[in-house]
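One structure is given here, and the rest of the page talks about it.
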Amino acid sequence: EQSWSERIVDGEALRFDKDGVYAFEPDGGDYYSAPDLITYMATLLQTLPGALNGQGATSDVDLSASSFNAKLAVTSPGGSKYPLHIDNPQGLAAGDTRKLTCILYLNPDYRDGDGGELRIILDGSDDDDDGEPPRTKSTQSVDLAPLGGRLLLFWSDEIPHEVLPTAPSGSPDDASLDRYALTVWIPTDSAATAIHSARSKFGHLKDLAFP
């Protein structure tokens, strides 16, 4: 089915369709048709929260080991892309407790030039580490290719990101250039303090990315 997401416009989260992007939500009922996929998701849920909870910068997130959301997305060639957005922009206002986004790329034959990179927006402000506010506010971006087997993790409620055009010079009918990504969202069991936390060093990124 058609994939969709939300983006921030004038401070509000608005739903948008992702043209050329199709997705379905796998669950335990799909085990016999996609056993490797379901086994991977189960293993991720069983191991990742325990590995991150209580560890340094992630000590307060309290990731859940009992629930998750998942989506397998296929992005068509010919320039299909995702606009800049945050996975969980509304948080508790919408009852959304997703905290950690986990993306596994399933593109073993990916080559340079195939496109579809994930662009993450970070703070590029001029900061001289003198304790004063940055003199200028700007962003910088990091582009990550969807290489087969690559696993990306970032905060669902804080990190602005987009997907660059997939195989922009390719034919939309060339299935060999399809971009596959399995996303698993892990919620927090401490949403009141972990979602949009005022103490997070990434909390201001939405204001930089969506001025």
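The values are calculated or read from the model by the stated rules, or taken from the named source; none is laboratory data. For clarity, every value in this text was computed on a predicted model and none was experimentally measured. Virtual Cβ from ideal backbone geometry, glycine too; neighbours counted across all protein chains shown. The accessibility values were calculated without ligands, DNA or RNA, using every heavy atom of the protein model including side chains. Shrake-Rupley method; radii C 1.70, N 1.55, O 1.52, S 1.80 Å.
With only alpha-carbon atoms in the gyration tensor, what are the semi-axes of the equivalent ellipsoid for the chain, in Å, largest first?
On the way: eigenvalues 156, 107, 50 Å².
So the equivalent ellipsoid measures 28, 23, 16 Å along its semi-axes.
Which FRET efficiency value, to the nearest 0.05, is calculated for Arg111 and Ala42 with the Förster distance at 30 angstrom and r the Cβ-Cβ distance? Working shown, then result.
Details: r = 31 Å, r/R0 = 1.04.
After rounding, the FRET efficiency stands at 0.45.
When the accessible area of the chain is split by element with a 1.4 Å probe, what percent falls to carbon and sulfur?
Working: 5480 of 11220 Å².
It is 49 percent, rounded to a whole number.
Quick one: among Tyr105, Tyr32, Tyr82, which has the greatest mean-square fluctuation in a GNM of the chain with alpha-carbon springs under 10 angstrom?
Of Tyr105, Tyr32, Tyr82, the Gaussian network model singles out Tyr32 as fluctuating most.
Which ³J(HN,Hα) values, rounded to whole Hz and listed in residue order, are derived for the range 50-62 from phi using the Karplus coefficients 6.51, -1.76 and 1.60 in 6.51 cos²θ - 1.76 cosθ + 1.60 with θ = phi - 60°, glycine and proline given as x?
Values, residue by residue: x, 6, 9, 4, x, 10, x, 5, 9, 5, 9, 7, 6 Hz.
Could you tell me which residue out of Leu100, Leu44, Ser197 lies farthest along the dipole of the chain toward its positive end? Charges go on the beta carbon: Lys and Arg +1, Asp and Glu -1, centred on the Cα centre.
Working it through, the farthest residue towards the positive pole turns out to be Leu44.
If you take the beta carbon distance between Arg199 and Phe154 as r and set R0 to 22 Å, what does 1/(1 + (r/R0)^6) give as a FRET efficiency, to the nearest 0.05? List each step's numbers first, then the result.
On the way: r = 17 Å, r/R0 = 0.79.
That gives a FRET efficiency of 0.80.
Go through the range 90-95 residue by residue and turn each phi into a ³J(HN,Hα) via Karplus (6.51, -1.76, 1.60, θ = phi - 60°); whole Hz please, and just put x for glycine and proline.
For the range 90-95, the Karplus-derived couplings read 8, x, 5, 4, 10, x Hz, x marking Gly and Pro.
For the range 55-165, max minus min Cα coordinate along each principal axis, in Å, sorted largest first?
Per principal axis, max minus min of the Cα coordinates gives 47, 37, 28 Å.
Taking only protein heavy atoms into account and a 1.4 Å probe, give the accessible area per residue of the chain in Å².
Accessible area per residue, the chain: 53 Å².
Test of the criteria: in the range 38-131, which trypsin sites (Lys or Arg not before Pro) are in a DSSP loop and have at most 14 other Cβ atoms within 10 angstrom of their Cβ?
For trypsin sites (Lys or Arg not before Pro) across the range 38-131 that sit outside H, G, I, E and B with at most 14 neighbouring Cβ atoms in 10 Å, the list reads Arg111.
Please report, in debye to the nearest 20, how large the charge dipole of the range 135-211 is about its Cα centre when each Lys and Arg carries +1 at its beta carbon and each Asp and Glu carries -1 there.
I would put it at about 500 debye.
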